[in-house]
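See below for the structure under consideration.
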Amino acid sequence: MSLDRTNASPATDSSRRFLFEQADIRGEIVQLDSSLREILAVHQYAPGVQRLLGEFLAAATLLSTTLKFEGRLILQARSGGQIPLLMAECSSDLQIRGIARGAQLATAEDFDQLLAEGTLAITVEPLKGKRYQGIVPLSRHSLAASLDAYFEQSEQLQTRLWLACDSQSASGLLLQQLPAQLNRDPQLRQQQWQHVCTLGETVTPDELLQLPPADLLYRLYHEDPVRLFDPRPVAFQCSCSLQRSRNALSAIAPGELEDILREQGSINMDCEFCNQQYRFEREDLADLLRAGPAPTLH
Ligand SMILES: [Zn+2]
């Protein structure tokens, strides 16, 4: 089926929270269109890699909506497959970026080939405070299933995800049990959780990608009272900056900076997420060149 998205509906690129009115369960629906295309336009990835990166970005966005503080959530997969490193980040204000490093020759369509023998690190990085990281094997032939396994094992709130991407847009649905508030009976809580997950199981990739959130909720949960909140915009926004690149250079010994300047005349740093180029001349780095040896990094 072909659908002209620009005419069918305005670009979505948003995340929408919903709540089941009679159960302590929340949900989130994310749909990425132009933000995904902008990210994919920076690189030349094969369709299989594009779809996987789209799923990672949708998942990072969904999970970042569960953060209770300013900061960012990073999903990072390392594998012995065709994609050595796949990374997607989303900040608490829903700015996303992502990359599949070393995937220029990755042509597989299949999750298990692209990310064979992979592990997934889920990092939560508050602007202030301690960073937290959980690591799980990439398993069960999809990112969503790997994340489900992660939440099954962890002591966090029960959480399920469904993801889809077709290289033009990416979508995801998240369900999460909330602490007991409306219902304290553990059996009833479990029953309600099972009920919404069983219906969630019936969602198809096409429905995730094509139905507006209200229609998707009606399709899945028309017998359950659900409150859908206003959309929050999601955008591709790289967090790189001149200052950050300069900070990275400050970790390099002045002697080494001198060597590069002598050989190349200037120091060029390209952001791998957005291709932005940062160029430093000798006079831009005067203070770093004067500084003593860089402090040891811990
Ligand atoms: Zn950048």
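The values are calculated or read from the model by the stated rules, or taken from the named source; none is laboratory data. Please read these numbers as outputs of a predicted model, since none were measured by experiment. We place every Cβ from the backbone using ideal geometry, glycine too, and count neighbours over all the protein chains shown.
A few remarks follow.
Residues are listed down the side, and each one gets a yes or a no for (1) modelled with pLDDT under 95; (2) out of contact with any strand residue (DSSP E or B) (no Cβ under 7 Å at 6 or more places or on another chain); (3) within 20 Å of Leu209 (Cβ to Cβ):
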position: Gln31; (1), (2), (3): no, no, yes
position: Ile39; (1), (2), (3): no, no, yes
position: Gly48; (1), (2), (3): no, yes, yes
position: Arg51; (1), (2), (3): no, no, yes
position: Glu55; (1), (2), (3): no, no, yes
position: Thr61; (1), (2), (3): no, no, yes
position: Ser64; (1), (2), (3): no, no, no
position: Ile96; (1), (2), (3): no, no, yes
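- Region 98-117 - residue that is modelled with pLDDT under 95 and small (Gly, Ala, Ser) and, of those, surrounded by the most Cβ atoms within 10 Å (Cβ to Cβ): Ala103
- Of all residues in region 92-115, those satisfying the criterion of being closer than 20 Å to Asn275 by Cβ and either in contact with a helix residue (DSSP H, G or I) (Cβ under 7 Å, 6 or more places away or on another chain) or away from the ligand (no atom under 16 Å from the Cβ) (or both) are Ile96, Arg97, Gly98, Ala100, Gly102, Ala103, Gln104, Leu105, Ala106.
- Flag for Glu272 being more than 30 Å from Gln31 (Cβ to Cβ) and either more than 16 Å from the ligand (Cβ to nearest atom) or under 36 Å from the mean Cα position of the chain (by Cα) (or both): no
- The listed residues are Leu220, Leu209, Leu175, and the only one of them that is touching a helix residue (DSSP H, G or I) at 6+ places or on another chain (Cβ under 6 Å) and outside any strand (DSSP E or B) turns out to be Leu220.
- Cβ-Cβ distances below 6 Å connect the following pairs, each with a first residue in region 252-271 that is within 18 Å of Ser241 (Cα to Cα), a second residue that is part of a helix (DSSP H, G or I) and within 16 Å of the ligand (Cβ to nearest atom), and a separation of six or more residues or different chains: Met269/Ser245.
- Within region 242-269, tally of residues that are of a type in the set (Gly, Ala, Ser) and either within 11 Å of the ligand (Cβ to nearest atom) or in the same structural domain as Leu85 (by TED's automatic domain parsing) (or both): 1
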